[in-house]
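The values are calculated or read from the model by the stated rules, or taken from the named source; none is laboratory data. Predicted, not measured: the structure shown is a model, and the values here were computed from it. Please note: Cβ atoms are built from the backbone with ideal geometry, for glycine as well, and neighbour counts cover all protein chains shown.
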Amino acid sequence: MRASYLFLGLILALFSITFLTGANWPDEFQNMLGADYEQTRILWLKDPPFKGTDVVELQERLRELGFYTGKIDGIYNQQVEKAVKEFQIDNGLKPDGIVRDHVWLRLADNYVPVNQQKQLEPPTGEVKIVIDTFRLRLIVLNDNQPYKIYPVAIGRSSTPTPIGNFQVVHKAVNWGTGFGTRWLGLNVPWGKYGIHGTNKPWSIGRMASHGCIRMTNAHVEELYPWVKTGTEVIIIGNPFGRLSYNKRVLVNGSRGADVATVQKKLIELGFLQGKADGIYGYGTEKAVREFQKANNLKVTGQIGWQEYELLNL
């Protein structure tokens, strides 16, 4: 019996370490949580190969620097390893094909800051933040007047930045290596999202993250002291995807701004009670089934093109 408890304790300890670090979480689990984990895995050539958005960003940066000419497919293959080794040789690093933190930092050495501006004095009025996902800009408002604009990176099409009105609920300095030097956490109900710095500054001005808003470390360090817990953050954009023409099918377990938009419609029509939290759970599925019955649709509990049309979405 004692041995069984010891074994169970070991398993729980290992799980806790993995859970807290997030180092080996599969991509689909990270996407389910909705957080921008800014993956900082150590990458090397192995079988099966590493796959993920961190590899995509590595390929994109190596291509920009002239070391990689292959596909941007997110797979760490022999061609990627060859490009990494050539980059390492060119930069006086050990050519082992292994991408650690110092390699990411060296990849940023030749980065030319976007829209470099002189620093301003702290705003004296009430600060609000507007994030424009169409123009990839963060606008600081001082008593509702534009005070300063920063370029940002937002989420990829597969991991979009949440759209809506939120508040800053958590502030931290050096909150993990992947989040740059500052973190401003938002109260998005369907996942962990925030405004933060990055060790990949070349991604600014792109759709590159897991949904968070990236800034250069210099910019987020300037913004950080201006923002208090409770500061309003308004993120504007298309809840169904910035560049997507086809709305996804929503099912039990789906999360996002598109789910929240559907929930708001169902609440307006009297099929759903409560708040639009962006989480497609049992209550939302039940409301969708009732909506489908009322409109003589096939009762699936899912949102497809017919449901979008009848909901005027």
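Any idea which of (1) modelled with pLDDT of 90 or more; (2) of a type in the set (A, V, I, L, M, F, W, C); (3) surrounded by fewer than 18 Cβ atoms within 10 Å (Cβ to Cβ) is the one Val99 doesn't satisfy?
(3)
Would you call Ile129 at pLDDT 90 or above, more than 17 Å from Thr216 (Cβ to Cβ) and aliphatic (A, V, I, L, M)? Before you say what the answer is, go through the steps one by one.
On the way: at pLDDT 90 or above: yes; more than 17 Å from Thr216 (Cβ to Cβ): no; aliphatic (A, V, I, L, M): yes.
Judged against the criteria, Ile129 is not a match.
Out of all the residues in region 277-313, which are of a type in the set (A, V, I, L, M, F, W, C), crowded, with 18+ Cβ neighbours inside 10 Å and in contact (Cβ under 8 Å) with a residue 60 or more places away in the chain?
As a first pass, look at region 277-313 and keep what is of a type in the set (A, V, I, L, M, F, W, C): 279, 287-288, 291, 294, 297, 299, 303, 305, 310-311, 313.
If we keep only those that are crowded, with 18+ Cβ neighbours inside 10 Å too, we end up with 279, 287-288, 291, 303, 311.
Correct list: Ile279 only.
Which of the following residues is crowded, with 19+ Cβ neighbours inside 10 Å, in contact with a Cys (Cβ under 8 Å, 6 or more places away or on another chain) and hydrophobic (A, V, I, L, M, F, W, C): Ile213, Ile195?
Numbers: Ile213 fails: in contact with a Cys (Cβ under 8 Å, 6 or more places away or on another chain).
Selected residue: Ile195, the only one of Ile213, Ile195 that is crowded, with 19+ Cβ neighbours inside 10 Å, in contact with a Cys (Cβ under 8 Å, 6 or more places away or on another chain) and hydrophobic (A, V, I, L, M, F, W, C).
Given (1) surrounded by 18 or more Cβ atoms within 10 Å (Cβ to Cβ); (2) modelled with pLDDT of 95 or more, identify the lone condition not met by Met207.
Tallying (1) surrounded by 18 or more Cβ atoms within 10 Å (Cβ to Cβ); (2) modelled with pLDDT of 95 or more, Met207 fails exactly one: (2).
Identify the residue in region 261-276 that is of a type outside the set (Lys, Arg) and not in a loop (DSSP other than H, G, I, E, B) and, among all such residues, is surrounded by the fewest Cβ atoms within 10 Å (Cβ to Cβ).
In the first step, residues of region 261-276 are kept if they are of a type outside the set (Lys, Arg); the result is 261-263, 266-274, 276.
Applying the additional criterion that residues be not in a loop (DSSP other than H, G, I, E, B) yields 261-263, 266-268.
On the way: Thr261: 21, Val262: 29, Gln263: 24, Leu266: 22, Ile267: 15, Glu268: 11.
Among those that are of a type outside the set (Lys, Arg) and not in a loop (DSSP other than H, G, I, E, B), it is Glu268.
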